[in-house]
1. Run down Gly105, Gly92 and say which single residue is modelled with pLDDT under 95 and within 10 Å of the chain's Cα centre (by Cα).
2. Among the residues of region 63-81, write down those that are under 13 Å from Pro37 (Cβ atoms), of a type outside the set (A, V, I, L, M, F, W, C) and under 12 Å from the mean Cα position of the chain (by Cα).
3. If I go through region 62-76 residue by residue, how many of them are within 18 Å of Arg46 (Cα to Cα) and either out of contact with any Ser or Thr (no Cβ under 8 Å at 6 or more places or on another chain) or at pLDDT 90 or above (or both)?
4. Just one of the numbered conditions (1) assigned to a loop (DSSP other than H, G, I, E, B); (2) out of contact with any Lys or Arg (no Cβ under 8 Å at 6 or more places or on another chain) is not true of Arg100; which one?
5. May I ask you to say which residue of Ala99, Ala104 is surrounded by 15 or more Cβ atoms within 10 Å (Cβ to Cβ), in contact with a strand residue (DSSP E or B) (Cβ under 6 Å, 6 or more places away or on another chain) and touching a residue at least 40 places away in the same chain (Cβ under 8 Å)?
6. Select the strands (runs of 3 or more DSSP E) contained entirely in region 23-77, then report the ones holding at least 1 residues which are aromatic (Phe, Trp, Tyr) and closer than 18 Å to Lys9 by Cβ.
Amino acid sequence: MAMHSTHHKAVFRILDVMDGPHEGRILKLRLQRGEAPTIRELKGARMKAASPDGSAACELRIVGFALFGGRPSDERLARTGRIDVSVEAIDGAADQVAARWELAGPI
């Protein structure tokens, strides 16, 4: 069951998931639907992650940005639709989140 952008500003596809260097997880995201949020809107935002078949879901908080591709900016996100974020679990287990899941929000 896919999430619809009518309830969320943006829906991202998770391209890759890595363990963070200290704690949490790093997600490589690509904008699928909706309007690209600003970096300010994403920082600290609560997002809902859901598996491709909709059988599993959890809530995550974006706590920062990974700098693999350089410093994140509103212009870069709007142009490429890609961003790397560091997240922590709010509700559910963040370790179950995997590639091909969808991340929707901010909620």
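1. On the way: Gly92 fails: within 10 Å of the chain's Cα centre (by Cα).
Of the residues listed, the single one that is modelled with pLDDT under 95 and within 10 Å of the chain's Cα centre (by Cα) is Gly105.
2. Across region 63-81, the qualifying residue is only Gly81.
3. To start, the set of residues in region 62-76 that are within 18 Å of Arg46 (Cα to Cα) comprises 62-66.
With either out of contact with any Ser or Thr (no Cβ under 8 Å at 6 or more places or on another chain) or at pLDDT 90 or above (or both) added as a condition, the list becomes 62-65.
Total satisfying the criteria: 4.
4. Result: Arg100 fails condition (2) only.
5. On the way: Ala99 fails: surrounded by 15 or more Cβ atoms within 10 Å (Cβ to Cβ).
That would be Ala104, the only listed residue that is surrounded by 15 or more Cβ atoms within 10 Å (Cβ to Cβ), in contact with a strand residue (DSSP E or B) (Cβ under 6 Å, 6 or more places away or on another chain) and touching a residue at least 40 places away in the same chain (Cβ under 8 Å).
6. Numbers: elements: 25-34, 46-50, 57-65.
In region 23-77, 57-65 are the strands (runs of 3 or more DSSP E) which contain 1 or more residues that are aromatic (Phe, Trp, Tyr) and closer than 18 Å to Lys9 by Cβ.
Residues checked against (1) more than 14 Å from Thr80 (Cα to Cα); (2) touching a strand residue (DSSP E or B) at 6+ places or on another chain (Cβ under 6 Å); (3) at pLDDT 85 or above:
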position: Met3; (1), (2), (3): yes, yes, no
position: Phe12; (1), (2), (3): no, yes, yes
position: Glu23; (1), (2), (3): yes, no, no
position: Ile26; (1), (2), (3): yes, yes, yes
position: Leu29; (1), (2), (3): no, yes, yes
position: Ala36; (1), (2), (3): no, no, yes
position: Ile39; (1), (2), (3): no, no, yes
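Here is a yes/no grid of residues against (1) crowded, with 17+ Cβ neighbours inside 10 Å; (2) in contact with a Cys (Cβ under 8 Å, 6 or more places away or on another chain):
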| residue | (1), (2) |
| --- | --- |
| Asp19 | no, no |
| Lys28 | yes, no |
| Lys48 | yes, yes |
| Ala57 | yes, no |
| Arg76 | no, no |
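The values are calculated or read from the model by the stated rules, or taken from the named source; none is laboratory data. None of the values given here were measured: they were computed from a predicted structure. Positions of Cβ are generated from backbone atoms using ideal geometry, with glycine treated the same way; all protein chains shown enter the neighbour counts.
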